[in-house]
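Read the structure below first, then the notes.
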Amino acid sequence: MEMTFTIDKKINEKAKKNMLYWAMASMTVFFGGFCSYYLVMHGNGNWLVFNLPALFFVSTAVIVASSGTMWWAQRSIALGNLNGAKMGTLLTFVLGIAFCFLQVAAWKDLFGQGIVFAGRQSNVAGAIMYVITSMHFLHIVGGLIALLVTSIKVLGGRYSSENYLGLSLTGIFWHFLGVLWVILF
């Protein structure tokens, strides 16, 4: 009976990881399509060159730092350090929220420069930039929801060094979002 439970648990864990990997693959294709469109449209000649707001650089540093705190949380729980996992997930969540606020502030800066998404003053360069960053923003919000659920479970002591699949999956997704942002940026 115990052996059956262990096998079922391993199959279940593998299935959950595979579902996450498929989701990340589809997101990669999604963003790859937008990046391809960017490259094609950039060569058309009707391209507005503008400076990215400094806040995008700051938000990049924040998302990279959040990957570090997420790694700390994952490493801590694997070593049985529940307090480190708690602190790591909470810091990651706070940094994720900070990233979102920085993105919104950067969009306001772009709008102030006259870079708009649509209308008579719009240009395909600005529109693509808004689409790519807003789609990433929505994926970050999804990651924040996963982080919130994971943080609540960590704070409630639901994970241990023997059982932390949820924290592991959230960490994989969060690192993916960070790497994706760095590539898009």
**Study point:** Count of residues meeting criterion [touching a residue at least 12 places away in the same chain (Cβ under 8 Å) and polar (S, T, N, Q)] in the stretch 101-133
**Key:** 4
Study note, to complete from the structure: When the stretch 134-172 is checked residue by residue, the ones that are open to solvent by less than 30 Å² (accessible area, probe 1.4 Å) and either under 26 Å from Val104 (Cβ atoms) or touching a Cys at 6+ places or on another chain (Cβ under 9 Å) (or both) are His136, Ile140, Gly143, Leu144, Leu147, Thr150, Ser151, Thr170, Gly171
Check your understanding: For Val131, which of the numbered conditions (1) modelled with pLDDT under 90; (2) of a type in the set (A, V, I, L, M, F, W, C); (3) buried (at least 16 other Cβ atoms within 10 Å of the Cβ) fails to hold?
Key -> (3)
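Can you give me the number of residues within the stretch 60-95 that are within 20 Å of the chain's Cα centre (by Cα) and free of Cβ contacts under 8 Å to residues at least 60 places away in the same chain? Full working, then the answer.
If we filter the stretch 60-95 for residues that are within 20 Å of the chain's Cα centre (by Cα), which is where we start, we get 60-75, 85-95.
Within this subset, residues satisfying the condition of being free of Cβ contacts under 8 Å to residues at least 60 places away in the same chain are 61-62, 65, 68-69, 72, 75, 87-88, 91, 93-95.
Number satisfying all stated conditions: 13.
Within the stretch 42-82, take every residue that is aromatic (Phe, Trp, Tyr) and open to solvent by 70 Å² or more (accessible area, probe 1.4 Å) and give me the one that is modelled with the lowest pLDDT. Spell out the reasoning first.
To start, the set of residues in the stretch 42-82 that are aromatic (Phe, Trp, Tyr) comprises 47, 50, 56-57, 71-72.
Adding the requirement that they be open to solvent by 70 Å² or more (accessible area, probe 1.4 Å) leaves 57, 71-72.
Details: Phe57: 94, Trp71: 97, Trp72: 97.
The extreme case among them is Phe57.
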Review point. Out of (1) at pLDDT 95 or above; (2) touching a Gly at 6+ places or on another chain (Cβ under 7 Å), the odd one out for Val116 is which?
Key: (1)
Practice item. Looking only at the stretch 33-41, decide whether some residue is open to solvent by 80 Å² or more (accessible area, probe 1.4 Å), touching a residue at least 12 places away in the same chain (Cβ under 8 Å) and in a helix (DSSP H, G or I). Key: yes
Check your understanding: So Ile115 clears everything in (1) assigned to a loop (DSSP other than H, G, I, E, B); (2) within 30 Å of Val49 (Cβ to Cβ); (3) open to solvent by 40 Å² or more (accessible area, probe 1.4 Å) except one condition, right? Which one?
Key -> (3)
Check your understanding: Which pairs do you get when a residue that is in contact (Cβ under 8 Å) with a residue 40 or more places away in the chain, found in the stretch 166-185, comes within reach of a residue that is assigned to a helix (DSSP H, G or I) and basic (Lys, Arg), reach meaning Cβ atoms under 9 angstrom, with the pair 6+ apart or on two chains?
Key -> Leu167/Lys153; Ser168/Lys17; Leu169/Lys16; Leu169/Lys17; Ile172/Lys17
Review point. Counting only residues that are aliphatic (A, V, I, L, M), touching a Ser or Thr at 6+ places or on another chain (Cβ under 6 Å) and open to solvent by less than 40 Å² (accessible area, probe 1.4 Å), how many does the stretch 93-109 have?
Key: 1
Point to revise | Selection status of Val58, part of a helix (DSSP H, G or I) and over 13 Å from Leu184 (Cα atoms) | key: yes
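The values are calculated or read from the model by the stated rules, or taken from the named source; none is laboratory data. Small disclaimer: the values here were computed from a predicted structure and weren't measured. FYI the Cβ positions are ideal-geometry reconstructions off the backbone, even for glycines, and counts take in every protein chain you see. Calculation scope for accessible area: heavy atoms of the full protein, side chains included, ligands and nucleic acids excluded. Shrake-Rupley method; radii C 1.70, N 1.55, O 1.52, S 1.80 Å.
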